[in-house]
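Participant: Structure provided below as structure tokens; questions to follow.
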């Protein structure tokens, strides 16, 4: 026993000495940036991690460590006739910004490495193992009363050994290709010398979150929260990861490190990228290579910043965050579910023109076909209120009499309807007969343009009035939200005039204790009012008499690029729906944004047109019906919609 104990002690001592020797033999920082980096890691108390088994191919990057470069200054390589590329690469990942002339071709080839391809502009015919598929990019269109187009960015993941060919469309195309490992033939065409005979790939790979050979629209990939003020659409293959990140104006990424190499390529907006102990401005088209464990962060500019973070190898921590976010979204929207076109009112009679305010009642959908021209000029004579059967047939129950907007089922089987241009809220039968004026004045003066409406359990009526009417002179002193008492019909103004720049959608929680109001437009040079409500849904406690108190920010709505670029805060939030669990669904310029009952973002439903309003329906109240201009879409959900049938 004694001898065994002595041997054990000697072994432990030798093991400890060996461990110390390993630490002491670890290569010391050799460059000035590495020395500074070690000081900063200690200063900011960051935890350093290392990844093992990464291949070293001996190909020097054309991007210096931590130095911002404009890709416009990089040399162009002629890949094929009519096909030019700007190439930049790090240690294990290379990117190719490729411009193709009209009808230019990348001839059929066997891919020597895994490849991601994104269409940035124009369209291409992509051949995958002999089968051709069209891929396109569509820019976001500024909305009008007749146009509601949403953007599209097609992409595809092809694995090493796949047969690939590309032909540009008649207007040419711009594409982004990302390879890992490198393409030696591309590097040769770019004039790089002393290349190895082959390049090695990573040994330990992660499970891709996309399928190979399948064309996706980037906007169908869900946004994953990764930091305060930052969400990303994550595209991960077995060896690389692209994070299409959107960062809020004025947000800050504190200094941090990670063991994966990163290349950041700015698409829109800009930031001051924190690199070591300095800052470098980045604008669209700029790229920077951030070696593994380099201390970095970012201060986002007042336009926000959209960028592609390219990681090699793929980040497991980001995939875990995406998994968590996907679980929350799929608890509401089943995995793989997409909106399907239910009605095309441009092709079927009697026609739908600017659909609004849908609500389900007694097995049918009731909604408004409002009519706006391209400049949002109204004409009640071209407006109608519509009844839709579950089979998709529909008819006007009232036409040419008023321009109705939001509506809601009432206690007696009738509808509460906002007659926007008629300056009143009315009770209407399902045959289109107006039986009662619920509200048309406040403080002895006409209300302006009631927009959306909700009833409470007592029979009281809440409605928004954003004064979105044709008269240049308004009756009331500003935009506001009102309540109509169920006992005496008294109209109470709940918000101060112009407290909201444009109050639009309105909801009550299933228990009736919380009122939600969204703000459609704000901080726009062309809009007459600015407020402090910005791009938020606001929540209020409901008092016993129907009035509200304790206003607070509930959920922050995402803004689109066109709005951010002009420093606006317009989400175009319009109609809202709520389910029995209190999750809120908001029709916005970006898509249908979903938030849980705490106001946390859950996910986004992407549509071919941006949505205007929505409601739950069907016998089980699990189908979400979404309207936009002449279209009605539907999508099945795992949630049960709530509506206050009285």
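Nothing in this text is a laboratory measurement; each read-out follows from the coordinates by a stated rule. No experiment lies behind these values; they were computed from the predicted model shown. For neighbour counting, all protein chains shown are included, and Cβ atoms are generated from backbone atoms with ideal geometry for every residue, glycine included.
Participant: At q = 0.10, 0.17 Å⁻¹, what base-10 log of I(q)/I(0) does the Debye formula yield for segment 468-577 when every alpha carbon is treated as an equal point scatterer in vacuo?
Facilitator: -0.31, -0.85
Participant: Taking 30 Å as R0, compute the FRET efficiency from the Cβ-Cβ separation of residue 437 and residue 545 and round it to 0.05. Let's see the in-between values first.
Facilitator: Details: r = 22 Å, r/R0 = 0.74.
Once the sixth-power term is evaluated, E becomes 0.85.
Participant: Order the peptides 403-413, 204-214 from the highest to the lowest mean number of other Cβ atoms within 10 Å of their residues. Can you show the working numbers first?
Facilitator: On the way: 403-413: 22.5, 204-214: 13.8.
The packing order, highest mean first, is 403-413, 204-214.
Participant: To continue, here is another question. Whole angstrom only: what separates the Cα centroid of segment 28-94 from the Cα centroid of segment 397-475?
Facilitator: Spelled out, the Cα-based centre of one part sits 61 Å from the other.
Participant: Pull out a ≥ b ≥ c, the square roots of the eigenvalues of the alpha-carbon gyration tensor of segment 234-294, then state rounded if a/c is under 1.5, prolate if not and a/b is larger than b/c, and oblate in the remaining case. The partial results should precede the final answer.
Facilitator: Values: a/c = 1.70, a/b = 1.21, b/c = 1.41.
Here segment 234-294 falls in the oblate category.
Participant: Between the helical axis of 2-25 and the dominant principal axis of the chain, each derived from Cα atoms, what acute angle in degrees is found, rounded to the nearest 10?
Facilitator: 80
Participant: Further, regarding this structure: What's the angle, to the nearest 10 degrees (0 to 90), between helix 32-43's Cα axis and the longest principal axis of the chain?
Facilitator: Approximately 60 degrees, to the nearest 10.
Participant: Just to be sure I understand: if I project the alpha-carbon convex hull of segment 399-613 onto a plane and average over all orientations, what area do I get in nm²? Please report the intermediate quantities before stating the final value.
Facilitator: Working: hull surface 48.8 nm².
Averaged projected hull area, Cα only: 12.2 nm².
Participant: What order do you get for 46-57, 589-600 when each peptide is scored by the mean count of other beta carbon atoms within 10 Å, highest first? Mind dumping the intermediate values first?
Facilitator: Details: 46-57: 11.8, 589-600: 19.8.
Ranked by mean Cβ neighbours within 10 Å, highest first: 589-600, 46-57.
Participant: Please arrange 423, 256 by counting, for each residue, the other beta carbons lying within 10 Å of its beta carbon, fewest first.
Facilitator: On the way: 423 20, 256 13.
Starting with the residue having the fewest Cβ neighbours, the order is 256, 423.
Participant: Then there's this: In nanometres, what is the gap between the two model label sites at residue 299 and residue 323, each 7 Å from Cα along Cα-to-Cβ?
Facilitator: So the label points at residue 299 and residue 323 sit 3.7 nm apart.
Participant: What whole number of Å gives the distance from the Cα centroid of segment 530-575 to the Cα centroid of segment 216-261?
Facilitator: First find each Cα centre; the distance between them is then 25 Å.
Participant: Further, regarding this structure: Please give the calculated 222 nm ellipticity per residue for the chain, where each DSSP H segment of at least 4 residues contributes -39500 (n - 2.57) and the sum is spread over every residue; nearest 500 deg cm²/dmol? Present the calculation step by step, with values, prior to reporting the outcome.
Facilitator: On the way: 5 runs with 62 residues, N = 646.
Taken over the chain, the calculation gives -3000 deg cm²/dmol.
Participant: Here's a follow-up. Calculate the spin-label point distance for residue 565 paired with residue 277, positioning each point 7 Å from the Cα along the beta-carbon direction, and give it in nanometres.
Facilitator: Inter-label distance under the simple model: 4.0 nm.
Participant: So how tilted is helix 316-330 from the main axis of the chain? Cα-based, degrees 0 to 90, rounded to 10.
Facilitator: 20
Participant: Report the extension gain between residue 57 and residue 513 in nm, rounded to one decimal, defined as 0.36 nm multiplied by the number of residues separating them, less their alpha carbon distance. Walk me through the numbers before you get to the answer.
Facilitator: On the way: separation 456, 0.36 × 456 = 164.16 nm, distance 6.33 nm.
The residue 57-residue 513 span can extend by a further 157.8 nm.
Participant: What shape does segment 61-209 take by its C-alpha gyration tensor, where a ≥ b ≥ c are the square roots of the eigenvalues and a/c under 1.5 counts as rounded, a/b above b/c as prolate, and the rest as oblate? Walk me through the intermediate numbers first.
Facilitator: Working: a/c = 1.64, a/b = 1.48, b/c = 1.11.
Note, shape of segment 61-209 comes out prolate.
Participant: Another question, if that's okay. Take the alpha carbon atoms of segment 579-646, find their center, do the same for segment 274-351, and report the distance between the two centers in whole angstrom.
Facilitator: If you average the Cα positions of each part, the centres end up 22 Å apart.
Participant: When 529, 288 are ordered from fewest to most other Cβ atoms inside 10 Å of their Cβ, what list results? Don't skip to the end; give the middle numbers.
Facilitator: On the way: 529 18, 288 22.
If I rank by nearby Cβ atoms, fewest first, I get 529, 288.
Participant: Which of rounded, prolate or oblate describes segment 163-232 when judged by the alpha-carbon gyration tensor and an a/c cut-off of 1.5?
Facilitator: Numbers: a/c = 1.99, a/b = 1.32, b/c = 1.50.
It is oblate, given that a/c is not under 1.5 and a/b is not larger than b/c.
Participant: Taking 0.36 nm per residue of separation and subtracting the Cα-Cα distance, what length does fully extending residue 111 through residue 492 add? Don't skip to the end; give the middle numbers.
Facilitator: Working: separation 381, 0.36 × 381 = 137.16 nm, distance 6.86 nm.
Extending this stretch completely gives an extra 130.3 nm.
Participant: Right, here's the next one. Report the FRET efficiency, 1/(1 + (r/R0)^6), for residue 47 and residue 213, where r is their Cβ-Cβ distance and R0 is 60 Å, rounded to 0.05. Don't jump to the answer; show the numbers that get you there.
Facilitator: Details: r = 39 Å, r/R0 = 0.65.
Rounded to the nearest 0.05, the efficiency is 0.95.
Participant: Ok, one more. Please state, as a whole number in µm²/s, the translational diffusion coefficient that the Stokes-Einstein equation yields for segment 69-330 at 4 °C and 1.567 mPa s, with Rh defined as the Kirkwood radius across alpha carbon pairs.
Facilitator: Working: Rh = 19.1 Å.
The diffusion coefficient I find is 68 µm²/s.
Participant: Can you tell me which of 530-540, 436-446, 302-312 comes out highest on packing, and rank the rest after it, using the mean Cβ neighbours within 10 Å? Present the calculation step by step, with values, prior to reporting the outcome.
Facilitator: Numbers: 530-540: 19.7, 436-446: 14.5, 302-312: 21.8.
Those peptides, ordered most packed to least, come out 302-312, 530-540, 436-446.
Participant: Stick to Cα atoms and the Kirkwood definition of Rh, then tell me Rg/Rh for the chain.
Facilitator: Numbers: Rg = 29.0 Å, Rh = 27.4 Å.
Rounded to two decimals, Rg over Rh is 1.06.
Participant: Need one number: nm distance between label points at residue 530 and residue 580, each 7 Å from Cα along Cα→Cβ, rounded to one decimal.
Facilitator: 4.6
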